[in-house]
Amino acid sequence: MSYEFFSHTADLGIRVRAATVEDLFAEAGKGLFAAIVARLESVEPKEKKDVQLEADRLDDLLYDWLSHLLYLFDAYRMVFSDFAVRIRHSEKYALEGVAMGEPLNLQKHELQFEVKAVTYHRLRVEQVGDGSWEGEFIVDL
């Protein structure tokens, strides 16, 4: 499992790889908050926020997941470092997730980028040849 940043004009791209689609979504959450907080390891998983979402496509579900995490940061001033995700698919994709973190403390958490939004540009989630998963998304700074 991993995430990495890549440059994209005035924005920031995040590419994610994982063995399962659930791990991909968890790593995408880590990648998002690694962009927000300079040292993600400074964020302790003391509190949790539950997330439940539905979407027609996995790409849309990733967008909704990341946008909701960004909403939790903005609305509750919380930063997150650990994520657990379960995804089911019948007629729609359903996500049940947990984001674990703590309230933002500027004496403890050094902010890195001001992430304004997740974009649909270059958004993708796909299973690759070896059975693992890759995803990519751009955040507006």
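The values are calculated or read from the model by the stated rules, or taken from the named source; none is laboratory data. All of these numbers come straight from a predicted model, not from anything done at the bench. For neighbour counting, all protein chains shown are included, and Cβ atoms are generated from backbone atoms with ideal geometry for every residue, glycine included. Note: accessible area is taken over every heavy atom of the protein model, side chains too, but ligands, DNA and RNA are not part of it. Shrake-Rupley method; radii C 1.70, N 1.55, O 1.52, S 1.80 Å.
Structural remarks
- Rolling a 1.4 Å probe over the protein heavy atoms leaves Val118 with an accessible area of roughly 10 Å².
- Within the accessible area of the chain (1.4 Å probe), percent carbon and sulfur: 45 percent
- Taking a Cβ cut-off of under 12 Å around Asp23, the surrounding Lys, Arg, Asp and Glu residues balance to a net charge of 0, with basic ones at +1 and acidic ones at -1.
- Highest-first packing order for the peptide set 49-57, 71-79 is 71-79, 49-57, based on the mean count of other beta carbon atoms within 10 Å.
- For segment 39-141, a simple Cβ point-charge model (Lys and Arg +1, Asp and Glu -1, everything else neutral) yields a dipole of about 240 debye relative to the Cα centre.
- Think of a 1.4 Å ball rolled over the protein heavy atoms: the chain then has 51 Å² of accessible area per residue.
- Using 0.36 nm per residue and subtracting the Cα-Cα separation, the extra length available between Ala55 and Val98 on full extension is 13.7 nm.
- For the chain, the longest principal axis of the alpha carbon atoms and the long axis of helix 58-76 meet at an angle near 20°.
- Mean projected area of the Cα convex hull of the chain, taken over all directions, amounts to 7.9 nm².
- Charge tally around Val128: other residues with Cβ under 10 Å, Lys/Arg +1 each, Asp/Glu -1 each, net -2.
- Total charge dipole magnitude, segment 36-85, about the Cα centre, Cβ charges on Lys, Arg, Asp, Glu only, Debye to nearest 20: 280 debye
- Farthest toward the positive end of the dipole of the chain, out of Ala38, Leu95, Val16, is the Cα of Ala38, where the dipole comes from beta carbon charges about the Cα centre.
- Here the peptides 24-34, 103-113 are ranked by packing, the mean other Cβ count within 10 Å, and the order with the highest first is 24-34, 103-113.
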